[in-house]
1. Give the number of residues within the stretch B:127-160 that are at the interface with chain A (Cβ under 9 Å from one of its Cβ atoms) and either among the small types (Gly, Ala, Ser) or part of a loop (DSSP other than H, G, I, E, B) (or both).
2. Among the numbered criteria (1) within 17 Å of B:Ile176 (Cα to Cα); (2) modelled with pLDDT under 95, which one does A:Arg73 miss?
3. Determine, yes or no, whether A:Arg139 is closer than 23 Å to B:Glu161 by Cβ and either surrounded by fewer than 15 Cβ atoms within 10 Å (Cβ to Cβ) or modelled with pLDDT of 95 or more (or both).
4. Select, from B:Ala74, B:Ala69, the only residue that is away from every other protein chain (no Cβ under 14 Å), surrounded by fewer than 17 Cβ atoms within 10 Å (Cβ to Cβ), more than 16 Å from DNA strand D (Cβ to nearest atom) and among the aliphatic types (A, V, I, L, M).
5. Among (1) more than 8 Å from DNA strand C (Cβ to nearest atom); (2) away from chain B (no Cβ under 14 Å), there is one condition A:Asp32 misses while meeting the rest; what is its number?
6. Do we find that A:Ala208 is more than 8 Å from chain B (Cβ to nearest Cβ) and surrounded by 14 or more Cβ atoms within 10 Å (Cβ to Cβ) in this structure?
7. Which of the numbered conditions does B:Ala81 fail, given that it passes all the others? Conditions: (1) surrounded by fewer than 20 Cβ atoms within 10 Å (Cβ to Cβ); (2) at pLDDT below 95; (3) on the phi < 0 side of the Ramachandran plot.
8. Tell me, yes or no, whether the stretch B:92-105 has at least one residue that is open to solvent by 60 Å² or more (accessible area, probe 1.4 Å), touching a residue at least 40 places away in the same chain (Cβ under 8 Å), away from DNA strand D (no atom under 16 Å from the Cβ) and within 14 Å of chain A (Cβ to nearest Cβ).
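The values are calculated or read from the model by the stated rules, or taken from the named source; none is laboratory data. A quick note: this is a predicted structure, and the numbers were derived from the prediction, not measured. Positions of Cβ are backbone-derived with ideal geometry, glycine not excepted, and every protein chain shown enters the neighbour counts. Heads up: the accessible areas ignore ligands, DNA and RNA and are worked out on the full protein's heavy atoms, side chains in. Shrake-Rupley method; radii C 1.70, N 1.55, O 1.52, S 1.80 Å.
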Protein chains: 2
Amino acid sequence: MQLAVDVGENALTERQKDVLDAALALLVEAGDALTMTSVARRASCSKESLYKWFGDRDGLLTATVQWQASKVRAVPVNPEAFNLASLTAGLQRFASDWLHVLSGTISVALNRVAVGHAGSDKHDLGVIVLENGPFAMARRLKPLLQLGRDTGLLHFNETDEAFRTFFGLVVRDVQIRLLLGDRLELTDASIDRDSLRATQQFLALYGAQTEAAEGGH
Amino acid sequence: MQLAVDVGENALTERQKDVLDAALALLVEAGDALTMTSVARRASCSKESLYKWFGDRDGLLTATVQWQASKVRAVPVNPEAFNLASLTAGLQRFASDWLHVLSGTISVALNRVAVGHAGSDKHDLGVIVLENGPFAMARRLKPLLQLGRDTGLLHFNETDEAFRTFFGLVVRDVQIRLLLGDRLELTDASIDRDSLRATQQFLALYGAQTEAAEGGH
DNA sequence: GCCGTACCGTACCGTACGTTACGGCAGTGG
DNA sequence: CCACTGCCGTAACGTACGGTACGGTACGGC
């Protein structure tokens, strides 16, 4: 028995993690056209092992998505010396991180297969991606928003509404266009610019100061 | 020879339109698991005819997406007696229409298959949906935005930036959550509410009056 | 009446791929 | 040395489905 990662139920050996990384790479290259044979060949393992470890193709895909999700861990926000500057910086950093993840090839590939599978009977992948995508983003951001409200820097009634507005201002049409195959290059510079713009717009809508920076320029 | 619709290259007989409607229904039910045999059976036509008319499976899917796109025609905006009230009404009506289309089962199904196909070699469906989705929305909305700017009601430099902000405020996380299979019921009442909120937020960001309605409450 | 055209229904073919089975090999405990 | 286990590599099986072929029917033109 080798070392296993402590993901509760999902105890993965190092070998299995390597296999899942190979599956991830193939998912990026070939999308849902990924075959069990191709995974076995890429990972230099036998198909027998694939079926023993993951049950069937869906099990492999599910494990792959969960494995990727387990790699992206949230960086918590520290509420020390909280003021408008740190709130702004937090929002901006958050938007930047999110746009970077969103536009990455792995995120695009995983969202594509999850969206595809959500159409058939197997909703598992969709639920997992939903849980580790928008919902995880909400769970991470809401404490910051509530801290902003508690300190009087932000005004809103429903935290969820404020979050979803921020989501819209940050993501806009970027994700759907990427998923549909639009060539949309996001450079670090443009992501920085968009994060700043989204943050300023959000503060203009929900900030306590009406003299907040004009959004959109 | 039956009557043909005047779509330039794509001359479709009534029979073929019926077939495409059947394919559309199956696409909603089964998603990409749709088979040529199922389409033939549902439309009471022979597979031979399917291949004669549409070439192959991809051709059938492409024709189906285009057929749906041809059914959704834009309602132009009339720039008579243009003022803040009509601008607001136009934006709000636009947001409402868009949310209704977006949350419809057909739109969800088509976006799902297009996203799935964008991952493989066949980018056609993605391009078509992109063209008839976000891009068409932009083409329809931009004249209204520019009219607003010309009349001094709106302030922005890049029309595209203004459009994308409006897109984000309207769509938010709704589309990606629907595509991923989230049960998200949009009632007429909630759509009306969201359209109003998005419009007010947009005017708060880009409107000439700083005393515009506070967004988000 | 006869032919050509268009189409339906169905049977058929080829292949790709998920899944299973088997032979061989390395490492480990006794 | 020998059994056992875990795994690789590959071959084999079954099936679903894209694509094709063919017989049968209706209809319009001559």
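1. Selection size over the stretch B:127-160: 6.
2. Against the list (1) within 17 Å of B:Ile176 (Cα to Cα); (2) modelled with pLDDT under 95, A:Arg73 comes up short only on (1).
3. Numbers: closer than 23 Å to B:Glu161 by Cβ: no; either surrounded by fewer than 15 Cβ atoms within 10 Å (Cβ to Cβ) or modelled with pLDDT of 95 or more (or both): yes.
Here the answer is no, as A:Arg139 does not meet what is asked.
4. B:Ala74
5. (2) is the only condition that A:Asp32 fails.
6. Details: more than 8 Å from chain B (Cβ to nearest Cβ): yes; surrounded by 14 or more Cβ atoms within 10 Å (Cβ to Cβ): yes.
Criteria met by A:Ala208.
7. (3) is the only condition that B:Ala81 fails.
8. Looking for residues that are open to solvent by 60 Å² or more (accessible area, probe 1.4 Å), touching a residue at least 40 places away in the same chain (Cβ under 8 Å), away from DNA strand D (no atom under 16 Å from the Cβ) and within 14 Å of chain A (Cβ to nearest Cβ), one finds at least one in the stretch B:92-105, hence yes.
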